[in-house]
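This report concerns only the one structure given below.
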Amino acid sequence: MSAPTSGSAAPISPSVLFGDDPHRRLNILTGEWVLVSPHRMKRPWQGQLEEIPPDDRPVYDPKCYLCPGNERAGGHRNPQYTGPWAFENDFAALRPGDSGQELNADGLLVARQEPGICRVICFSPRHDLSLPQMEVPAIRGVVDLWAEEYARLGARSDIGHVQIFENKGEVMGSSNPHPHGQIWAQQTVPVEPTRELVHLGQHHVRHNRTLLEDYLRLELEMQERIVCANDAWVALVPFWAVWPFETLVVSRRPVAHLGALDDRERDLLADVIKQLTARYDALFAVSFPYSAGIHQAPTDGGRHPECHLHMHFYPPLLRSATVRKFLVGYEMMAEAQRDLTPEAAAGRLRG
Ligand SMILES: [Zn+2]
Ligand SMILES: [Zn+2]
C-alpha cells in the first residue's frame, strides 16, 4: 500500500475518491481498521422505537446519593458542596495496596494483582444539570478539578495511569442521573492507552512532532470533519470514527496533560466541551448519552513527549433519540463497521 502523500494541497476527500463505495479506514491512534459502507445509507430502515423517559429531574433529590448533604453507602455523608467535588468511590473496582501477587502457569494462565484508586467527581451540586446546561465558568471548575486529581493521583508511586471519564445516560450504564464522572487510577497503563502510546511514540520518533499535531493540521486544511472549535481546541469527527457521532477534542498546542494547560486553555476547554455537548443535545432533541474520556500522559515516571492531550466522545445514538448502534455480529467477529460517513456525521453536528 502506498504511503500518504504530503504536500501543500489538502488531501482528496474520501467522498470524492470512493463515492458510495465500501472502503476501510485506518485508526492511526490504535492501528485498527473500520469498514465504511456509505451505500447502505440508502436502504430502508426499520428502527426500534423505545420510550424516552421525560427529563424532569429536580434541582435536589433527597434520594440521590450524589446530592449535597445526602447519605451514601456505608454511612458516609456528602458535604454541602457548592462546586465540583470529588470523593473515593464506595464501590471501587480498584483498591490501593501491594501488587506482589502474580500467577503464571506455563504462560497459559497469567494474572497479576492490580492496585489502584477509584474516585467519583460530581460536576455540580445541581441534580438537574448536565455539562451542556452548565455555564462555562462552572465547567472550568470541573477542568481544574480533573487537573488537580490527575496531578495528585499521578504523583503517587503506585499509580502509573489516571483515567478520567464520564458515562452519561442510562443507555451507557450510568447508575445515577446526577451530573458526575469518574477517575480510575491504577499502577499499570491499561490496554487502550497502551495501544495509542505505541502509535503516538512511533510517529514522534520519526517526525519529532506529535501524531495528533500533524493529524489536526490535515483536518484543519480539509475542514470537512470539524464540528466546532475555538482558539485552543478543535472538536472533530475522526476520519476513522466507529460510533456514528463519535468525536475527538484535540488541543491545538501539543500538551501532554491537563497540568500543562494555561489559564486560557482551561477556559477554552470548558467552552469547547459546552459547545460540543450542546450540539449533541440538539441533534436528536434529547439529553445525548455518551461515554467520554481524557487521554493524556501516563504517570509512570517516564517522559512522554509523544503524548498529546485529547478527549474522546463515544455516543451510541444512530438515527434518533431512540435508535442506537450496537457493536454486534460482524463487528464482534471481524471489525468495526459504519454506514454514515464521518464527513456526513460532522455535517449533521455542525448543522
Ligand atoms: Zn443528585
Ligand atoms: Zn485516545
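Kindly indicate whether R266 is surrounded by fewer than 22 Cβ atoms within 10 Å (Cβ to Cβ) and either touching a Phe, Trp or Tyr at 6+ places or on another chain (Cβ under 8 Å) or free of Cβ contacts under 8 Å to residues at least 40 places away in the same chain (or both). So that I can check it myself, show each step before the final result.
On the way: surrounded by fewer than 22 Cβ atoms within 10 Å (Cβ to Cβ): yes; either touching a Phe, Trp or Tyr at 6+ places or on another chain (Cβ under 8 Å) or free of Cβ contacts under 8 Å to residues at least 40 places away in the same chain (or both): no.
For R266, the condition - surrounded by fewer than 22 Cβ atoms within 10 Å (Cβ to Cβ) and either touching a Phe, Trp or Tyr at 6+ places or on another chain (Cβ under 8 Å) or free of Cβ contacts under 8 Å to residues at least 40 places away in the same chain (or both) - is not met.
In segment 162-198, what count of residues is obtained for those that are open to solvent by 50 Å² or more (accessible area, probe 1.4 Å) and either within 12 Å of ligand 2 (Cβ to nearest atom) or of a type in the set (V, I, T) (or both)?
7
Looking only at segment 130-149, how many residues end up being open to solvent by less than 40 Å² (accessible area, probe 1.4 Å) and in a loop (DSSP other than H, G, I, E, B)?
2
The rows are residues; the columns are (1) more than 16 Å from ligand 1 (Cβ to nearest atom); (2) in a strand (DSSP E or B); (3) among the basic types (K, R); (4) touching a helix residue (DSSP H, G or I) at 6+ places or on another chain (Cβ under 6 Å).
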{"position": "S174", "(1), (2), (3), (4)": "no, no, no, no"}
{"position": "P177", "(1), (2), (3), (4)": "no, no, no, no"}
{"position": "I183", "(1), (2), (3), (4)": "yes, yes, no, yes"}
{"position": "T194", "(1), (2), (3), (4)": "yes, no, no, no"}
{"position": "Q202", "(1), (2), (3), (4)": "yes, no, no, no"}
{"position": "R209", "(1), (2), (3), (4)": "yes, no, yes, no"}
{"position": "E213", "(1), (2), (3), (4)": "yes, no, no, no"}
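Residue by residue through segment 13-29, note down the ones that are more than 16 Å from ligand 2 (Cβ to nearest atom) and in contact with a helix residue (DSSP H, G or I) (Cβ under 9 Å, 6 or more places away or on another chain).
S13, P14, S15, F18, G19, D20, D21, P22, H23, R25
In segment 240-259, which residues are open to solvent by less than 40 Å² (accessible area, probe 1.4 Å) and hydrophobic (A, V, I, L, M, F, W, C)?
Answer for segment 240-259, where residues must be open to solvent by less than 40 Å² (accessible area, probe 1.4 Å) and hydrophobic (A, V, I, L, M, F, W, C): W240, A241, V242, F245, L248, V249, V250, V255, A256, L258.
Restricting attention to segment 109-129, and to residues there that are in contact with a Leu (Cβ under 7 Å, 6 or more places away or on another chain) and open to solvent by 30 Å² or more (accessible area, probe 1.4 Å), which single residue is nearest to V142 (Cα to Cα)?
Checking each candidate, the answer is E114.
Considering only residues that are modelled with pLDDT of 95 or more, within 16 Å of M134 (Cβ to Cβ) and in contact with an Asp or Glu (Cβ under 7 Å, 6 or more places away or on another chain), which ones fall in segment 267-323?
Passing the criteria: L268, A292.
With the checklist (1) touching a strand residue (DSSP E or B) at 6+ places or on another chain (Cβ under 9 Å); (2) open to solvent by 30 Å² or more (accessible area, probe 1.4 Å) in hand, flag the one item Y280 doesn't pass.
Single failed check for Y280: (2).
Which number in (1) open to solvent by 40 Å² or more (accessible area, probe 1.4 Å); (2) within 16 Å of ligand 2 (Cβ to nearest atom); (3) touching a strand residue (DSSP E or B) at 6+ places or on another chain (Cβ under 9 Å) marks the one condition that Q275 misses?
It is condition (2) that Q275 fails.
The values are calculated or read from the model by the stated rules, or taken from the named source; none is laboratory data. All values reported here derive from a predicted model rather than from experimental measurement. No Cβ is skipped: glycine too gets one built from the backbone with ideal geometry, and neighbour counts run over all protein chains shown. Just so you know, the surface numbers come from the protein's heavy atoms only, side chains and all, with ligands and any DNA or RNA stripped out. Shrake-Rupley method; radii C 1.70, N 1.55, O 1.52, S 1.80 Å.
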